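The values are calculated or read from the model by the stated rules, or taken from the named source; none is laboratory data. None of these values were measured; they are calculated from a predicted model. All Cβ positions, glycine included, derive from the backbone under ideal geometry; neighbour counts span all protein chains shown.
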Amino acid sequence: MLPGTGRALPPLYPRIPRVALNPVKLLTLARDLQRRKARERQHRFVAEGVRTVESLLASPLDVTGLLATDVLRTDARGERLLATAEQRGVPVNMVTEQELDSAADTDTPQGVLAVAVIPSASLMPPAGSARYLVLDALQDPGNVGTVVRTAAALGVSATIALPGTVDFWNAKVVRSSMGALFQHPVHSLAWEELAGFFEANHVALWATDMDGESLPTVDPLGLPERLAVVVSNEGAGLSAHVAGAVQRTVSIPMAEGVESLNVAVAAGIVLYALRVAPAIAPPVASAVAQSS
């Protein structure tokens, strides 16, 4: 949402209509999509491996096509995947193992690779209580994928990447998210856009920090209705402009001699502790009348 205008933020990439590609063109496209600039230009990404492609086909995302080898037909699970693609009307192009390897990021793509369209939904204003996760210059793709999976599991409204964070649609991020990336809203925004969105929608901004308030002392019933939590690069810490906007910092108490936690683990602990408090049902009246 652009501050003060009532209009949604424009999508990060322009929408590209789905087109059927022949095997050579799809293979060339998949190879090209190993580069971030190509993903941004083509508005597409690659998903590798049986489990990842299964999750992709079960999602609402638009799948351009599959590249598969004969290896996929050697077991029932692979046959089911191909049947699902056929039911969805997704083209399947058979290629050699060498051709598939040339387009894959992993050494063992398990006989299948999919090309799909990057969703272009805008960050929408919350209707009620909300939690957001903000990634400040996280550069490890495995961590980012795990963080997205964690945020999805804990009911976070959206995960937002600031500049300096690895591309959400990097092949390793896609794999490590274990399918969560296909369902959980993610956005890449400049800090100015995100700060304007938070201000317009009354979203409090907290961050994790070694010197912050101990998490167990934070009253869960006194949390803001709308809250964003920033996690940052373990070595560099918060960016200066983000640190200047943070209203409160929290820390996870740890045993003596332990300096820090992996950022994905820390994000999970903090998001769970600061989750939207569940509604408390009123006490049920006794069905037994008390004699006077």
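Numbers for the structure displayed
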{"item": "Wholly enclosed helices (runs of 4 or more DSSP H) of region 133-232 bearing at least 1 residues outside the structural domain of Lys37 (by TED's automatic domain parsing) and among the polar types (S, T, N, Q)", "result": "141-153, 171-176"}
{"item": "Test: residue in region 52-59 that is loosely packed, with under 14 Cβ neighbours inside 10 Å, under 25 Å from His184 (Cα atoms), of a type outside the set (Lys, Arg) and not assigned by TED's automatic domain parsing to the domain that holds Pro185", "result": "yes"}
{"item": "Single condition Gly164 does not satisfy, out of (1) in contact with a helix residue (DSSP H, G or I) (Cβ under 7 Å, 6 or more places away or on another chain); (2) on the phi > 0 side of the Ramachandran plot", "result": "(1)"}
{"item": "Whichever residue in region 97-107 is touching a helix residue (DSSP H, G or I) at 6+ places or on another chain (Cβ under 9 Å) and of a type outside the set (A, V, I, L, M) and, among such residues, is surrounded by the fewest Cβ atoms within 10 Å (Cβ to Cβ)", "result": "Asp107"}
{"item": "Residue check for Arg73: of a type outside the set (A, V, I, L, M, F, W, C), modelled with pLDDT under 95, over 20 Å from the mean Cα position of the chain (by Cα) and outside any loop (DSSP other than H, G, I, E, B)", "result": "yes"}
{"item": "Selection count, region 110-136, where residues are under 24 Å from Lys172 (Cα atoms), surrounded by fewer than 18 Cβ atoms within 10 Å (Cβ to Cβ) and not polar (S, T, N, Q)", "result": "1"}
{"item": "Residue in region 245-263 that is at pLDDT 95 or above and assigned to a helix (DSSP H, G or I) present", "result": "yes"}
